[in-house]
1. Across region 118-165, what is the number of residues that are in contact with a Leu (Cβ under 8 Å, 6 or more places away or on another chain), within 16 Å of the ligand (Cβ to nearest atom) and either among the charged types (D, E, K, R) or closer than 17 Å to ARG45 by Cα (or both)?
2. Do we have any residue at all in region 192-208 that's free of Cβ contacts under 8 Å to residues at least 12 places away in the same chain and out of contact with any Lys or Arg (no Cβ under 9 Å at 6 or more places or on another chain)?
3. Could you please find all residues in region 199-241 being outside any helix (DSSP H, G or I), over 17 Å from VAL327 (Cβ atoms) and among the aromatic types (Phe, Trp, Tyr)?
4. For the structure I just gave you, tell me whether GLY421 is closer than 16 Å to VAL202 by Cβ, within 17 Å of the chain's Cα centre (by Cα), among the small types (Gly, Ala, Ser) and surrounded by 15 or more Cβ atoms within 10 Å (Cβ to Cβ).
5. Can you say whether ASN315 is polar (S, T, N, Q), in contact with an Asp or Glu (Cβ under 8 Å, 6 or more places away or on another chain), more than 11 Å from the ligand (Cβ to nearest atom) and more than 21 Å from LEU390 (Cβ to Cβ), as far as the supplied structure shows?
6. Can you pull out the residues in region 256-284 that are more than 21 Å from the chain's Cα centre (by Cα), closer than 22 Å to GLY158 by Cβ and hydroxyl-bearing (Ser, Thr, Tyr)?
7. Does VAL304 qualify as being within 11 Å of the ligand (Cβ to nearest atom), among the β-branched types (Val, Ile, Thr) and buried (at least 23 other Cβ atoms within 10 Å of the Cβ)?
8. Hey, among the residues in region 80-93 that are more than 9 Å from the ligand (Cβ to nearest atom), over 11 Å from PRO43 (Cβ atoms) and surrounded by 24 or more Cβ atoms within 10 Å (Cβ to Cβ), which one's nearest to the chain's Cα centre (by Cα)?
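Values in this text are rule-based calculations from the coordinates and carry no lab data. Note that the coordinates shown come from a computational prediction; the quantities given were computed from them, not determined experimentally. As a convention, Cβ positions derive from the backbone with ideal geometry for all residues, glycine included, and neighbour counts pool all protein chains shown.
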Amino acid sequence: AKRNPGEPEYLQAVSEVMESLWPFITRHPRYLAQSLLERLVEPERIVTFRVSWTDDHGDVQVNRGYRIQHSLAIGPYKGGLRFHPSVNLSILKFLAFEQTLKNALTTLPMGGGKGGADFDPKGKSDGEVMRFCQAFASELFRHVGAYTDVPAGDIGVGAREVGYLSGMVKKLTNRADCVFTGKGLPSGGSLIRPEATGYGNVYFAQEMLKRQGRGFDGMRVSVSGAGNVAQYTIEKAMALGAKVVTVSDSSGTVVDEDGFTPDKLAALMEVKNRLYGRVSDYAERVAGTRFLAGATPWHIPVDVALPSATQNELNVEDAKTLMKNGVVCVAEGANMPTTIDAVRMFESNGVLFAPGKASNAGGVATSGLEMSQNAMRLSWPREEVDARLLEIMKSIHESCLHYGEREGGRVSYVDGANVAGFVKVADAMLAQGVV
Ligand code: NDP
């Protein structure tokens, strides 16, 4: 805490991981050698930079850009860029740390990183977003590269922004390397990448439910968020027979007791992805929905909750309400959406709980598949990428069981994911010496 003042999210993420690791490390003290833990919690490099750009009125705006290069131990730094006014060092350090362990879980050779800026894309014109991305890329380009650091999207950064960022990097470097993933299809993107995080989270939850002889068919499901992860979570849960009854954004929650349909999802995507509107605009278009201003979805009774918006969006009171209403499974699509005490509440009461670093790893895993396809200069068909994604999610689930299964068949997916990710990174670090 002394070395990282004013970084509550970073300390929260590290504390949660250390709590899981400690019993394992006391049984395997070789992981205390070479100040391994101290090195693991110190990012290898942090770059912060000025991003100045001109808005539509001709005024110059200044934002702060960041890239956290957390660990290169098992592959190039890899992790998304977030454009949101709340972005700060603490949030990006927590995300880069989590990303390092998550990437290790995917079975692919990727290190951990994260970046972004305190830029708010809401209400900006397309030209402003492009000029901001170009200004951001004009500094970022010197820190990234296909074998060094390969960023992707995150909150506020989708295919449009990745297009502008990678266009500027290409211009500055005169190279067409795979420096970004999450690209549009004509620029070398992978099929299934947009769907991957949401699909992957549902595949993971399906594996958890399967162990209890259950499935998604007939389940009531709540989803928070309305962005990339939320949309494809809804699509896959629906396809497996679930009734998805909520969607939300920072302005409130839309409740739909009839459940989502493919037509309603298409309307949501139109509002969110093309018009850059709010979920309240979506509610106005769809009969039978209710918009609850300022509310989160967690008071609505469901069997499965899939938080897919942002960090710390589900607290201990929400956890109690969900449990009172009979929730059996909570799987994180977002990064650290559940507060530590709420996680403990779920785990100690037998609710199946999947931490994001396991259950939302499908996105970065498919980014890894995009890197492979780019390196081979070919593109796999949709079915092949989806089949690989499903296999990766099953294998992450197996790793969680391997390290997280307790007496009586109970599983701590939190401990399992933390230990499995740690072991891979730690073994690589020990093998590579003190660097
Ligand atoms: P998007 O920008 O597409 O969507 C984010 C959604 O979350 C929006 O509905 C947004 O609402 C809402 N949201 C963001 N910040 C807040 C906030 N402070 N309070 C309430 N709602 C908020 O992002 P993604 O769907 O890509 O990302 C969602 C989560 O999933 C993040 O935690 C991200 O790190 C994680 N993730 C994403 C991956 C990916 O492949 N995209 C991979 C793995 C994890 P509003 O528009 O009102 O801000």
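1. 3
2. no
3. Hits for region 199-241: nothing passes.
4. No.
5. So ASN315 fits the description; yes.
6. Matches in region 256-284: SER280, TYR282.
7. Judged against the criteria, VAL304 is not a match.
8. My answer is LEU81.
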